[in-house]
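Derivation of every value follows stated rules applied to the coordinates shown; laboratory data play no part. Keep in mind that what you see is a predicted model, and the values were worked out from it rather than measured. Quick reminder, even Gly has a Cβ in these numbers, built from the backbone with ideal geometry, and neighbours come from all protein chains shown.
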């Protein structure tokens, strides 16, 4: 009787071990297949990548254009608006820089961004001096974004 009980216990242990081992093996195989399928789906061709980069640039340009229209309409330049405009301009420069492999073109984009920041800072200073809707907070924001753009330009020039 004891031998039979031991055999049943051993058989049960072997059955459980076989089921667990099979489950692990099947799970590993399914995970590997899912990763292979996901990898196949995420591989993009250079043409697709170029199209996506162009779409990024266009979207960033639209944001900057919409914000520039608000400035031209002489809307109040709140600190939030000044920050949003500067970040949109920076993002546009970043996506344009990412879209090119030419170091000279990257530096030119960064130079244009620096000039844009200088122009914005000048506008902020003029509106503050005229007693307009701009405070020293917005001017400080503009100065920060100019310094950030100049740093990015220097970084790109150092990479040449």
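Using a Gaussian network model of the chain whose springs link C-alpha atoms within less than 10 Å, name the residue from 119, 80, 28 with the highest mean-square fluctuation.
28
Could you give the angle, 0 to 90 degrees to the nearest 10, between helix 46-72's Cα long axis and the longest principal axis of the Cα atoms of the chain?
Helix 46-72 sits roughly 40 degrees off the main axis of the chain.
Considering the chain as a Gaussian network with a 10 Å cut-off on Cα pairs, which listed residue, 115, 141, 37, attains the greatest mean-square fluctuation?
Most flexible of the set in this elastic network: 37.
Tell me, what is the percent relative contact order of the stretch 45-158, built from C-alpha pairs under 8 Å that lie six or more residues apart?
29 percent
I need two numbers for the stretch 79-160: Rg to one decimal and Dmax as a whole number, Cα atoms only, in Å.
Rg, Dmax (Cα atoms, Å): 13.7, 45.
Return the distance in nm (one decimal) between the two label points of a simple spin-label model at residue 73 and residue 16, each offset 7 Å from Cα along Cα→Cβ.
With each label placed 7 Å out from Cα toward Cβ, I get 7.1 nm.
Measure nothing fancy, just the Cα-based angle from helix 103-129's long axis to the longest principal axis of the chain, in degrees from 0 to 90, nearest 10.
50 degrees
Sort the following peptides by mean Cβ neighbour count (other Cβ atoms within 10 Å, averaged over residues), highest first: 62-70, 91-99, 17-25. Don't skip to the end; give the middle numbers.
Numbers: 62-70: 13.9, 91-99: 18.3, 17-25: 10.0.
Top to bottom by mean Cβ count within 10 Å: 91-99, 62-70, 17-25.
Kindly provide the Kirkwood hydrodynamic radius of the chain in Å, to one decimal, from all pairs of distinct alpha carbon atoms.
Result for the chain, one decimal place: 20.6 Å.
Report, largest value first, the span of the C-alpha coordinates of the stretch 1-43 along each principal axis, in whole Å.
Each principal axis gives a Cα extent; for the stretch 1-43 these are 63, 5, 5 Å.
Most fluctuating residue of 77, 14, 126 in a GNM of the chain with Cα springs under 10 Å: which is it?
Result for the chain, Cα springs under 10 Å: 14 fluctuates most.
What order do you get for 50, 135 when you list them from fewest to most C-beta neighbours inside 10 Å?
By the 10 Å Cβ count, ascending, the order reads 50, 135.
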